[in-house]
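Engineer: Take this structure, written in structure tokens, and hold onto it; I'll ask about it next.
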Amino acid sequence: MFDPRSSRRSFLRGTAAAVGAVALPALLSPRELAALEPRSARWLAGMDAEATARNAGGPVILARNENPYGMNPKAKLAFDGAFSYHNRYNSPLAAELRKRFAAKNGVPEDHVLLTQGSREVLATSVAAFGSNGKEVITPWPSYEEVGRYGDVMGLTVHRIPQTDALEMDLKAMDAKIGAATGLVFLCNPQNPTGTLLGGDTMRDFIRATTPRAMVLVDEAYHEYANDPSYRSMIELVKAGDNVIIARTASKIHGMAGVRIGFAIAKPALLAKIGGYQMGQVNPLACAAVSASLDDPSYTTYCAEQNAIGRQYTTDALRKMGLRVITSHANFVYFDAKRPTVDVRKAFETAGFLVGRAFPNYPNWVRVSIGTPDEMKAFVAALPQALRV
Ligand SMILES: Cc1ncc(COP(=O)(O)O)c(C=O)c1O
């Protein structure tokens, strides 16, 4: 039965927790903090086994470039601590997250817009810059949503095939830019190929393009890229260029279901795309992402584990004589030499869900990197699934 006294007590507790949620470290007791001590060998050793166990019970999902480890345990506690905001549209937690993300990336707060996943950055950019008779240019294949949004909005979408190295064909994209071009989409590192273009190449192309069209750079896999030539194009935002960068909490922060993304651009551009947003971001989600930003040891751990799994999987596929694109993200793209749909079915029978077929590459398969145990099992299943 509803007890107003206990309800009042929990209200007071909730208020204290909510206030603490803004200053996130206060949410954790010293004992809790010690238990989560980030890089202790015991903690890290437990992570892989825990993640594998959590992911068990159905096919191993290596299909959607998710982070198999999920969110930082500290982020989970922050989520709980922010619960008292669940019935409010507004909270200080969104402003807090914006502040932290801006500080981490060296931009002013008014250069950051929080979104419901980075997909919302893509959708609102297409709406803001691709409409009114304007056209959209996207590499192909790439993350398909920009093309899809363009299609459903009735825009002309130019899909530009990649080079033989499966990299974005900047020359061909440049040749397509004309008076009607509203938005040019770039994805770096690229999905589904995992390729990346170096910072100088990106900068030169973007600088040559912005006088003619808006440029949107999707950096969903930014944290997984460890090639020395790679740089975030946030550097161009800082330099005052007309470019929008999309980032996400879905990948390295392990929060695909939590739905937080970021647009980074000049305030006037953010105001334009913000006009197409659906509404506020979830305050609980903001608290969780803030906690994750505060603990880079966890995201570093996820990136390191991913790099090991990526190399292991790449080596195993290459040993089988298959062409594998060197990946800079949390997945590997390879030529299975058989129709993707058949290979997908064979993997499903073996207990693994791999990526869907992508346009232009009917025999290629994208496998997301899971935990080491999952990747060992995947590699063991390769000969049977590929029948080599
Ligand atoms: C390149 C790229 N951009 C954006 C997204 C969507 O991310 P979010 O969950 O932030 O909407 C994905 C998801 O796989 C992706 O691969």
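Read-outs: derived from the displayed coordinates by stated rules, not from any lab. These numbers come from a predicted model, not from an experiment. Every residue, glycine among them, receives a Cβ derived from its backbone with ideal geometry; neighbour counts consider all protein chains shown.
Engineer: Which of ALA175, ALA49, ALA307 moves the most in a Gaussian network model of the chain with Cα springs under 10 Å?
Structural biologist: In this elastic network of the chain, the residue with the biggest mean-square fluctuation among ALA175, ALA49, ALA307 is ALA175.
Engineer: Mean-square fluctuation check for the chain, GNM, Cα pairs under 10 Å: which of ALA316, ALA287, ALA82 is largest?
Structural biologist: ALA316
Engineer: For segment 134-143, just list the computed ³J(HN,Hα) in residue order, Karplus coefficients 6.51, -1.76 and 1.60, θ = phi - 60°, integers in Hz, with x standing in for Gly and Pro.
Structural biologist: Whole-Hz 3J(HN,Hα) from phi for segment 134-143: 8, 10, 10, 10, 9, x, 8, x, 7, 4.
Engineer: Can you figure out the FRET efficiency of ASP335 with ASP204, using R₀ = 30 Å and their beta-carbon distance, to the nearest 0.05?
Structural biologist: On the way: r = 30 Å, r/R0 = 1.01.
Efficiency, rounded to the nearest 0.05: 0.50.
Engineer: Another question, then. Report the full-extension gain for the segment ASN87 to GLU50: residue separation times 0.36 nm, less the Cα-Cα distance, to one decimal in nm.
Structural biologist: Values: separation 37, 0.36 × 37 = 13.32 nm, distance 3.22 nm.
Result for the pair: 10.1 nm of gain on full extension.
Engineer: One-quarter of the Cα convex hull surface for segment 150-251, in nm²? Please list the in-between numbers first.
Structural biologist: Numbers: hull surface 28.4 nm².
So the Cα hull casts an average projection of 7.1 nm².
Engineer: If you don't mind, there's one more thing I want to ask. From the residues ILE160, ALA102, THR124, which one has its Cα farthest along the dipole of segment 98-202 in the positive direction, the dipole being from +1 and -1 charges on Cβ of Lys/Arg and Asp/Glu about the Cα centre?
Structural biologist: ALA102
Engineer: Placing unit charges on C-beta atoms (Lys and Arg positive, Asp and Glu negative, everything else neutral), compute the dipole magnitude of the chain about its Cα centre in debye, rounded to 20. Display every interim value, and only then the final one.
Structural biologist: On the way: 44 positive and 36 negative charges, 113 e Å.
The dipole magnitude comes to about 540 debye.
Engineer: By the scheme Lys and Arg +1, Asp and Glu -1, what is the net charge of all other residues having a beta-carbon under 14 Å from that of MET153? Each step should come with its number before you reach the end.
Structural biologist: On the way: positive: LYS134, ARG148; negative: GLU135, GLU145, ASP151.
Surrounding charge for MET153 is -1.
Engineer: What distance in nm separates the two pseudo spin-label positions at GLU109 and LYS176, each 7 Å out from Cα along the beta-carbon direction?
Structural biologist: It is 4.0 nm.
Engineer: Also, I was wondering about something else. Quick one: compute the contact order of the chain, relative version, from alpha carbon pairs under 8 angstrom and 6+ residues apart, as a percent. Numbers along the way, then the final one.
Structural biologist: Values: 718 pairs, mean separation 86.9, N = 388.
Relative contact order, the chain: 22 percent.
Engineer: What spacing in nm lies between the two simple spin-label points modelled at ALA377 and ARG148, each 7 Å away from Cα in the Cβ direction?
Structural biologist: Simple spin-label model gives 2.8 nm for this pair.
Engineer: Report, ordered by chain and residue number, the lysines lying within cross-link reach of LYS176, taken as a straight Cα distance under 21 Å and ignoring same-chain residues fewer than 8 apart.
Structural biologist: LYS134
Engineer: Let me ask you something else. Would you work out if the chain is rounded, prolate or oblate? Take a ≥ b ≥ c from the square roots of the eigenvalues of the alpha-carbon gyration tensor; rounded if a/c is under 1.5, else prolate when a/b is larger than b/c, oblate otherwise.
Structural biologist: Values: a/c = 1.93, a/b = 1.16, b/c = 1.67.
In terms of gyration-tensor shape, oblate.
Engineer: Pull up the DSSP beta bridges for segment 85-293 and report the antiparallel fraction as a percent, rounded to 5.
Structural biologist: Values: 8 of 26 bridges.
If I count the DSSP bridges inside segment 85-293, around 30 percent turn out antiparallel.
Engineer: What does the charge count around CYS286 come to, taking other residues whose C-beta lies under 9 Å from its C-beta (Lys +1, Arg +1, Asp -1, Glu -1)?
Structural biologist: It works out to a net charge of 0.
Engineer: I've got another one for you. Using only Cα atoms, locate the centre of segment 129-163 and the centre of segment 190-211, then give the distance between them in Å, rounded to an integer.
Structural biologist: Taking the Cα centre of each part, segment 129-163 and segment 190-211 sit 17 Å apart.
Engineer: With respect to the cross-link table entries LYS104/LYS251; LYS99/LYS266; LYS74/LYS376, which display a Cα-Cα separation exceeding 22 Å?
Structural biologist: Working: LYS104/LYS251 17 Å; LYS99/LYS266 15 Å; LYS74/LYS376 29 Å.
The pairs that break the limit, which is 22 Å between Cα atoms, are LYS74/LYS376.
Engineer: Is the C-alpha gyration tensor of segment 85-293 telling us rounded, prolate or oblate? Criteria: a/c under 1.5 is rounded; beyond that, a/b larger than b/c is prolate, otherwise oblate.
Structural biologist: Values: a/c = 1.73, a/b = 1.43, b/c = 1.21.
Because a/c hits 1.5 or more and a/b exceeds b/c, segment 85-293 counts as prolate.
Engineer: Between ASP218 and residues 5 or more places away or on another chain, which pairs have amide H atoms under 5 Å apart, with H built 1.01 Å from N, and which residues are they?
Structural biologist: Under 5 Å from the amide H of ASP218: LEU186, CYS187, ASN188, ALA246.
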